[in-house]
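Here is the structure we will look at, set down as structure tokens.
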Amino acid sequence: MMLRVTRAAQISGADDREPQENAMQPTGCLTAIVTPFRDGRIDEEAMARHANWLIDNGMQGIVVCGTTGESATMSDDEKLRAIELMREVVGSRATLIAGAGNNSTSESLAFIDRLHDSGTAVDAIMSVVPYYNKPNQDGLVGHFTAICDRSRFPVVLYNVPARTIVGMTVDTLATLAAHSNVCAIKEASANLHFDALLLDALPRPVSVLSGDDATAMPLMSIGGSGVISVIGNIAPRLMRDLCDATLAGDLERARSLNGRIATLQSLLFAVSNPIPVKAACAWLGFGNGDVRLPLARVSPQAEEALFEQLSALGIAR
């Protein structure tokens with residue numbers, strides 16, 4: 001399944017809320033790429049090699065500066081450079097989605113302005129539910145409407161209540177999905193009943209992408225469009241095959257692949273993401289595995305146990 005991209009005649013603002021075709025609709029298999037660090041800075045060489053390897057092994061999209069990319073501890077200058085680097089590497093070979101939101105509406109808008117001014121073109125931006133503030137639903141509608149109105153790029157709404165405490169309700173997501181600049185929802189509640197209600201409530205075609213590898217296959221099987229994957233960082237071909245099989249309706253093959261996905265999910269989320277997946281990326285030769293405080297690497301013994309299990313699953317160096 002390739003990414004389906006269509007162009008709307010015009011991106012309209014909040015006052016033009018009639019359902020219409022999205023500017024683009026990402027589908028299939030995308031990876032939330034890690035950000036490798038070395039000596040306190042982005043390891044650009046490792047990040048470029050990793051992105052090339054992902055695309056060469058079937059990834060249809062790269063999501064840069066998301067949770068897995070440790071965006072919360074990156075400066076705006078670093079994020080802009082990481083986005084620019086990924087555009088240079090990805091070119092037209094895959095879709096590029098850039099994380100561009102935090103828990104301050106004004107700061108999110110200022111960053112979007114800087115991204116516009118940088119001249120780096122992305123296929124979409126992704127904006128997370130504001131964390132720590134515990135906004136009410138009206139506040140979430142206002143926050144995301146402001147972002148959709150300001151952005152020249154299509155917007156992916158990111159719902160991840162385990163990280164943000166507050167999540168968007170089905171009604172809130174359906175309200176926001178009516179905005180013509182919303183192209184997708186990254187849905188990481190891991191609640192398939194919620195997902196089924198959401199898919200039924202959408203007022204216009206919007207991609208619903210799993211933000212949780214463990215629910216990627218079941219979400220796609222009930223009408224989801226794909227996944228933004230953590231596991232894809234180390235097993236891109238496996239995740240691509242899972243997406244292709246599920247979206248093609250080959251559920252027997254999808255179920256078989258999903259068993260391996262479930263095992264990898266357990267390994268990579270034994271402690272906070274992206275600690276284990278960055279260690280695994282380093283083991284594969286992409287960076288050194290360093291994470292930024294307040295995250296810390298697990299012990300060498302725990303990393304070695306992870307590597308042994310990855311080898312047993314056929315993840316090769």
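Derivation of every value follows stated rules applied to the coordinates shown; laboratory data play no part. Given the structure is predicted, the values throughout are model-derived calculations rather than measurements. All Cβ positions, glycine included, derive from the backbone under ideal geometry; neighbour counts span all protein chains shown.
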Among VAL166, ALA201, PRO218 - extreme Cα towards positive end, dipole of the chain, charges at beta-carbon = PRO218
Give me the Debye-computed log₁₀ of I(q)/I(0) at q = 0.20, 0.22 Å⁻¹ for region 160-221, equal point scatterers on Cα only, no solvent, two decimals.
-> -0.73, -0.89
Can you tell me the dipole magnitude for the chain around its Cα centre, using point charges on the Cβ only (Lys, Arg +1; Asp, Glu -1), in Debye to the nearest 20?
-> 360
Give me the distance between the Cα centres of region 41-104 and region 127-189, rounded to whole Å.
-> 21
Sequence order, region 296-313: Karplus ³J(HN,Hα) from phi using 6.51 cos²θ - 1.76 cosθ + 1.60, θ = phi - 60°, Hz rounded, Gly and Pro as x, gives 9, 5, 6, 5, x, 5, 5, 5, 5, 5, 4, 5, 5, 5, 5, 4, 5, 8
Amide H proximity to LYS186 below 5 Å, modelled H, separation 5+ or other chain, gives LEU157, TYR158, ASN159, LEU209
Taking placed amide H atoms and a strict 5 Å upper bound, the residues 5 or more places from PHE37 or on another chain that come that close are ASP43, ASN288, GLY289, ASP290
Residue-wise HN-Hα coupling along region 235-249, computed from phi with Karplus coefficients 6.51, -1.76, 1.60 (Hz; x: Gly, Pro) = 9, x, 5, 4, 5, 4, 4, 4, 5, 4, 5, 5, 5, 8, x
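Step by step: find N for the chain, compute 2.2 N^0.38 Å, then divide the Cα radius of gyration by it. What's the final number? Show your work: numbers first, answer last.
Details: Rg = 18.3 Å, N = 317, 2.2 N^0.38 = 19.6 Å.
So the chain has a normalised radius of gyration of 0.93.
Which value results when the Cα radius of gyration for region 236-306 is divided by 2.2 N^0.38 Å?
On the way: Rg = 14.7 Å, N = 71, 2.2 N^0.38 = 11.1 Å.
It is 1.32.
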Would you kindly derive the ³J(HN,Hα) couplings of region 31-36 from the backbone phi angles with the Karplus curve 6.51 cos²θ - 1.76 cosθ + 1.60 (θ = phi - 60°), listing them in order in whole Hz, with x for Gly and Pro?
-> 10, 7, 6, 6, 10, x
Out of PRO154, PRO274, PRO294, any idea which swings most in a Gaussian network model of the chain, alpha carbons joined below 10 Å?
-> PRO294
Report, in degrees rounded to the nearest 10, the 0 to 90 angle that the Cα long axis of helix 275-284 makes with the longest principal axis of the chain.
-> 60
